[in-house]
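A short worksheet on the structure shown next.
The values are calculated or read from the model by the stated rules, or taken from the named source; none is laboratory data. All values reported here derive from a predicted model rather than from experimental measurement. Reconstructed Cβ throughout: ideal geometry from the backbone, glycine too, with neighbour counts over all protein chains shown. Accessible surface areas use protein heavy atoms only, side chains included; no ligands, DNA or RNA. Shrake-Rupley method; radii C 1.70, N 1.55, O 1.52, S 1.80 Å.
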Amino acid sequence: MNLQNIIKEIETVDPEFHERVSPRREAIKNMTGFGKKLALGALPLAMGSLFTKAYGQTQPTAINDVLNFALTLEYLEAEFYTRGVAAHGAALAGTPAIGALTTIRNDENNHVNFLKSVLAAAAVAKPNFDFTAKGTFPDPFNTANYAVFLALAQAFEDTGVRAYKGQAPFLMSNKTVLEAALNIHSVEARHASHIRQMRKANGDTTLKPWITGNNRGAIPAAAQAVYNGEELETQATVKLSGMVVDGITLSAAAVTEAFDEPLSYKDALDIAKLFIA
């Protein structure tokens, strides 16, 4: 029996088979076509031009610029975890921590590979990173500085979560790419929560899985920009703090913990720029 006959047999038993398959086929076609369009219609962007453009405008409108912004952040995270697993792997051998960090490393590298495949020839090159931020932080890959490594991991993950949220509206012209970006966003949020739990297990017993106000916790002041703007007490023009619900007055802390705020394109690049060598 040939393929066409097999499909006819399936449709006889399941009349909705074609309807379920077609959207998936269109999604794949859409993604493939998008990648080809970029490959044929856009020249590769140099890293320098990306940052020049970033500091000359508050938000790019072209999808490939937004995706290159995401790719730059993913390059940073992928490199950080790849080097971190190599540096701390022996000391953490046999622990749940190294298993979690290895999984996160693999996730970040998969994000890089996905974005590069979509952008094709338009993908920016990976920059050189300085994870000490020009000496602001102790070397996170020194085994004596494992706590610093986890603190930076938290800052990077929290940046990623807010940055993807901030760029979602600018990907709405391509539903498939938007959906993929949101899929990455939720994984970054899981990473952020897990890293916080790892920091708590490593000694920061007051740390929560979520952000309260714009409190950065036990992270150096240079990373404060990651958390600025998280202290909003108003959602959709409604001031929530001070409201009484079922006899309970909502505190500012509770309100800010319940909502995560987006990070603008420029603010996220300002943070990333700290770590560009």
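Restricting the search to the range 201-213, which residues are open to solvent by 60 Å² or more (accessible area, probe 1.4 Å) and within 22 Å of PHE259 (Cα to Cα)?
Passing the criteria: THR206, LYS208, TRP210.
Which condition from (1) within 20 Å of ALA70 (Cβ to Cβ); (2) modelled with pLDDT of 95 or more; (3) of a type in the set (S, T, N, Q) is the one that GLN167 breaks?
Exception for GLN167: condition (2).
Taking the range 113-137 only, how many residues are more than 17 Å from ILE271 (Cα to Cα), open to solvent by 10 Å² or more (accessible area, probe 1.4 Å) and either assigned to a helix (DSSP H, G or I) or not hydrophobic (A, V, I, L, M, F, W, C) (or both)?
6
So, in the range 258-277, of the ones that are assigned to a helix (DSSP H, G or I) and of a type in the set (Asp, Glu), which residue ends up most open to solvent (accessible area, probe 1.4 Å)?
The selected residue is ASP267.
Within the set of pairs 6 or more residues apart or between chains, which connect a residue that is in contact (Cβ under 8 Å) with a residue 60 or more places away in the chain and hydrophobic (A, V, I, L, M, F, W, C) inside the range 209-230 to a residue that is part of a loop (DSSP other than H, G, I, E, B) and open to solvent by less than 40 Å² (accessible area, probe 1.4 Å) with Cβ atoms less than 7 Å apart?
ALA218/ASP204; ALA222/ALA133
Among the candidates ALA222, ALA163, single out the residue that is crowded, with 21+ Cβ neighbours inside 10 Å and outside any loop (DSSP other than H, G, I, E, B).
Result of the check over ALA222, ALA163: ALA163.
Of all residues in the range 225-250, count the ones that are of a type outside the set (Phe, Trp, Tyr), surrounded by 14 or more Cβ atoms within 10 Å (Cβ to Cβ) and on the phi < 0 side of the Ramachandran plot.
9
Could you check, for the range 146-156, whether at least one of its residues is open to solvent by 30 Å² or more (accessible area, probe 1.4 Å) and of a type in the set (A, V, I, L, M, F, W, C)?
yes
Could you tell me which numbered condition ILE184 fails, if it satisfies all but one of (1) of a type outside the set (Asp, Glu); (2) out of contact with any His (no Cβ under 7 Å at 6 or more places or on another chain); (3) open to solvent by less than 40 Å² (accessible area, probe 1.4 Å)?
Among (1) of a type outside the set (Asp, Glu); (2) out of contact with any His (no Cβ under 7 Å at 6 or more places or on another chain); (3) open to solvent by less than 40 Å² (accessible area, probe 1.4 Å), the lone unmet condition for ILE184 is (2).
Working only within the range 61-108, note down all residues that are of a type in the set (Ser, Thr, Tyr), in a helix (DSSP H, G or I) and without any contact (Cβ under 8 Å) to a residue 12 or more places away in the chain.
Hit for the range 61-108 is THR103, nothing else.
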